[in-house]
Amino acid sequence: MATQSANRPASRLEVRVPPKNQRRPAHIDRWLAFASPLIAILLWEGTVRLGIMDDRFFPEPSAIASTAKDLVQSGELQRQVGVTMARVGVGFAMGAVPGVMLGVAMGLSRHMEAILRPLVSALYPIPKIAVLPLIFLIFGFGEMSKYLAVATSVFFVVLINSAGGVAQIPVIYREVGSSFHLSRLQFVRTIALPGALPAIFVGLQVGLGVALIAIIATEFVGAQSGVGFMIWQSWQVFRIKVMFVGLATIAILGFLSQTLLEVVRSWAIPWSPSNRRR
Amino acid sequence: MPADMSAVGRGGNPDGPWDHPGAGVAQAVVTTSGHGGPSRKLSLTHVSKTYGSGVAAVRAVDDVTIEVEVGEFICVVGPSGCGKTTVLRMIADLEPLTEGEITIAHHDPTRALTTVIFQEDSILPWMSVRKNVSFGPRMRHVPKSGYRDLVEELIAKVGLTKFADALPHQLSGGMKQRVSIARAFANDPEILLMDEPFAALDEQNRLILQEELLRIWGETKKTVVFITHSIDEAVFLSDRVVVMSARPGRIMADIKVPFDRPRTLHELRVDPAFGALTGRIWRLLRDEVRKAEA
């Protein structure tokens with residue numbers, strides 16, 4: 001049944017594939033991108049049903065889906081997702097805003113660079129998860145400690161990319177600034193910030209991924225709610241299907257948040273070379 | 001001539017452009033008005049530039065003295081690496097001088113003193129053509145009514161009305177350089193500094209832009225310092241050609257261009273006097289180019 005539905009569109013395509021294939025190879029790529037995860041899921045489903053894979057560790061996707069359905073109907077999943085996303089949102093903003101500001105300042109001023117570079121170089125490589133106990137010690141188990149766990153993870157990635165973005169602005173644009181006798185503030189607003197924006201967005205994209213990792217880890221050990229808590233708790237009570245629902249939820253949240261950021265990026269940087277290819 | 005005419009002089013030491021992206025490091029050494037007579041716009045007096053120090057010191061510009069009158073269009077020609085761009089950058093305050101003095105009469109302090117048209121693509125990729133052209137007045141806080149018409153007029157003059165809202169990546173190299181010219185004229189500086197602005201363009205585009213430049217310049221009569229390595233371009237465009245030697249750049253000749261304006265290049269080319277003048281400049285430069293290549 002599942003196999004048939006996957007085949008049908010393919011056989012329909014075959015009739016008109018030769019001319020269309022030559023004109024628009026992107027069409028095929030879109031099908032492949034859609035088909036590859038589908039095939040992986042079908043393989044998973046099939047091997048579990050045939051008893052090749054142990055369904056205690058890898059419950060079949062259809063069973064996970066029905067668990068997810070139950071969790072959605074009870075409102076449990078939405079509640080946990082809401083809690084986690086609020087933590088990611090606030091923490092991300094708390095890390096990204098000062099990260100951009102200090103990063104741009106660092107890229108602009110040798111003094112700022114001299115002050116911040118050694119601190120950043122020393123603190124950046126510390127896994128932020130390792131700081132969690134300290135955060136809990138100081139801020140307790142309230143929401144603030146979750147925000148800070150996310151913020152510290154996001155901050156450095158965004159800062160380093162922003163500083164690099166400003167430093168990489170072609171010299172000619174700086175000279176345009178000098179030639180037009182810009183004030184410092186005008187230079188930041190019209191040349192440094194827009195020039196660094198593509199790199200800043202790279203920082204934000206990486207930072208968003210890191211933010212999800214940080215919040216899940218934090219919820220494992222220091223929370224009574226959230227998707228991370230849901231996964232950790234389902235391990236302790238051996239509700240493996242719920243665990244997989246949690247994992248799938250994180251994957252979907254990651255995909256959606258990156259897509260959202262990508263939309264913001266192409267809106268904010270219409271001149272970016274990577275937008276032009278589309 | 002306004003009574004409050006003041007002169008700005010420069011000399012002194014650099015600071016990193018990174019920490020002072022907008023601020024000039026000009027040091028006012030001359031404040032007397034009427035330096036060199038009321039029609040004197042710009043004078044370079046015994047200006048030298050040395051890069052580095054000690055054994056590694058390279059003298060790029062050596063004892064250059066040039067005087068430019070108000071409304072004059074001068075071209076500086078010289079072999080590659082002779083320091084002609086350095087001269088322009090020192091006038092623009094993009095680089096400090098090592099010795100000597102540059103004096104610029106600032107006739108109207110509400111206007112920009114200098115604006116540079118660069119050789120490379122320098123229009124800001126994150127601004128539309130219109131925003132690029134209006135960049136100067138916007139940054140000087142001129143009210144919109146004070147520049148809107150001029151900006152539209154200049155966009156039309158360089159033939160980009162249809163592209164006024166386009167972003168630079170949608171434009172060809174020639175169109176980008178047109179934006180750059182319109183941007184400089186829209187800033188309405190007292191002195192326009194052009195650093196080989198057409199060098200990166202193909203022959204046809206270069207000819208068209210040269211004539212466009214002369215047309216726009218003819219209406220505004222700005223003081224222009226134009227750097228080029230092309231003898232034809234220098235003679236076609238300017239009132240005076242300053243010929244520089246190979247490094248360290250010295251002034252070898254300062255030649256008046258006698259042709260009437262408005263000029264067109266194909267008319268000039270059939271004039272024997274044009275051939276004689278470009279020939280004379282070429283003979284001056286030939287040995288210098290060999291020296292620079294050696």
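Computed from the coordinates by the stated procedures, all read-outs in this text should not be read as laboratory data. Small disclaimer: the values here were computed from a predicted structure and weren't measured. Because the Cβ atoms are built from the backbone with ideal geometry, glycine has one as well, and the counts that use them run over all protein chains shown.
For segment B:118-126, the count of residues that are within 12 Å of chain A (Cβ to nearest Cβ) and touching a strand residue (DSSP E or B) at 6+ places or on another chain (Cβ under 6 Å) is at least one. Just give me the residues in segment B:72-94 being within 14 Å of another protein chain (Cβ to nearest Cβ) and β-branched (V, I, T), in sequence order. Within segment B:72-94, B:T85, B:T86, B:I91 meet the criteria. I'd like to verify a number: residues in segment B:237-266 that are within 22 Å of B:E72 (Cβ to Cβ) and not in a strand (DSSP E or B), how many? Selection size over segment B:237-266: 13. If you go through segment B:146-197 and keep only what is closer than 28 Å to B:V70 by Cβ, within 14 Å of chain A (Cβ to nearest Cβ), not hydrophobic (A, V, I, L, M, F, W, C) and not in a loop (DSSP other than H, G, I, E, B), you end up with B:Q177, B:S180, B:R183, B:D195. Residue pairs whose Cβ atoms lie under 6 Å apart, separated by 6 or more positions or on different chains, with the first residue in segment A:74-101 and over 30 Å from A:L185 (Cβ atoms) and the second surrounded by 18 or more Cβ atoms within 10 Å (Cβ to Cβ) and of a type in the set (D, E, K, R), are A:R87/A:K146. Taken together, the criteria exclude A:Y173 from residues that are away from chain B (no Cβ under 14 Å), of a type outside the set (G, A, S), surrounded by 18 or more Cβ atoms within 10 Å (Cβ to Cβ) and in a helix (DSSP H, G or I).
When B:E67, B:E120 are checked against the criterion of being closer than 23 Å to A:T190 by Cβ and surrounded by fewer than 21 Cβ atoms within 10 Å (Cβ to Cβ), a single residue qualifies: B:E120. When each of B:A199, B:A156 is tested for being surrounded by fewer than 19 Cβ atoms within 10 Å (Cβ to Cβ), farther than 18 Å from B:T220 by Cα and hydrophobic (A, V, I, L, M, F, W, C), the lone residue that passes is B:A199. Going by the conditions given, is A:Q205 of a type outside the set (A, V, I, L, M, F, W, C), surrounded by fewer than 20 Cβ atoms within 10 Å (Cβ to Cβ), more than 14 Å from chain B (Cβ to nearest Cβ) and under 21 Å from the mean Cα position of the chain (by Cα)? In short, yes.
When A:L182, A:L193, A:L159 are checked against the criterion of being aliphatic (A, V, I, L, M), at negative phi and away from every other protein chain (no Cβ under 14 Å), a single residue qualifies: A:L159.
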